[in-house]
Amino acid sequence: MNKHEIGMRGEDLACNYLEKHKCIILERNFRFKGGEIDIIAKDGEYFVFIEVKYRSLSAFGMASEAVNYPKQKKICRGCDFYRMKRGLGDFAPIRFDVIALDVNSATGKTQIQWIKNAFDYAR
């Protein structure tokens, strides 16, 4: 599997997990100038902007550690563009989450961690 296929597999796992937890997937791979948001979903009243991180080797750190400040800023810019494009007001409830997928090297099973409110709006 190439990097793109692995990423798509991770996003598929994340979407299935979110749907099992009563989220509605609104968009996948939402592109904007300067970046992409992996998943945009509705969780209750919240519009949730989700970054999916997949790690098969712990030598590079845990997946949850991979969403750094520059990436957070890009996601926030994408959130602003999405809200403008969809006509959502400034007071629409939003949240920034991370779905971390880590492969257990001993069992080969993928552990899914949903980190709600992973970060605040980054300027």
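The modelled label-to-label distance for the pair residue 22/residue 88, using points 7 Å beyond Cα in the direction of Cβ, is 1.9 nm. Report summary: the helix-based calculation at 222 nm, which adds -39500 (n - 2.57) for every DSSP H run with n ≥ 4 and divides by the residues of the chain, gives -10000 deg cm²/dmol.
For residue 109, which lysines qualify as cross-link partners when the Cα separation must be under 26 Å and same-chain residues fewer than eight apart are set aside? Of all the lysines, those that pass the test against residue 109 - Cα under 26 Å, at least 8 places apart if same chain - are 3, 20, 22, 53.
Extending 7 Å from the Cα toward the beta-carbon at both residue 104 and residue 8 defines two label points whose distance is 2.8 nm.
For residue 118, the amide hydrogen comes within under 5 Å of the amide hydrogens of 96, 97, 98, counting only partners 5 or more places away or on other chains and with H modelled in the peptide plane.
For the stretch 1-58, the alpha carbon convex hull comes to 101 Å³ per residue, rounded to a whole number. Computed from phi, the 3J(HN,Hα) profile of the stretch 22-31 under the Karplus parametrisation 6.51, -1.76, 1.60 (θ = phi - 60°) reads 6, 8, 10, 7, 9, 8, 10, 6, 6, 9 Hz, with x in place of Gly and Pro.
The dipole here belongs to the chain: it is taken about the Cα centre, uses +1 on the Cβ of Lys and Arg and -1 on the Cβ of Asp and Glu, and is about 280 debye. Listed options for Cα extents along the principal axes in Å are [x] 50, 36, 24; [y] 47, 30, 24; [z] 62, 33, 27. The value calculated from this structure is the one marked [y].
Taking θ as phi - 60° and the Karplus parameters 6.51, -1.76 and 1.60, the scalar couplings of the stretch 97-111 work out to 10, 10, 9, 9, 10, 10, 8, 6, 5, 6, 9, x, 7, 8, 8 Hz in sequence order, x denoting glycine and proline.
Computed from the coordinates by the stated procedures, all read-outs in this text should not be read as laboratory data. Being a predicted model, the structure only gives us computed values, none of them experimental. Note that each Cβ is placed from the backbone with ideal geometry, even for glycine, and that neighbours are counted across all protein chains shown.
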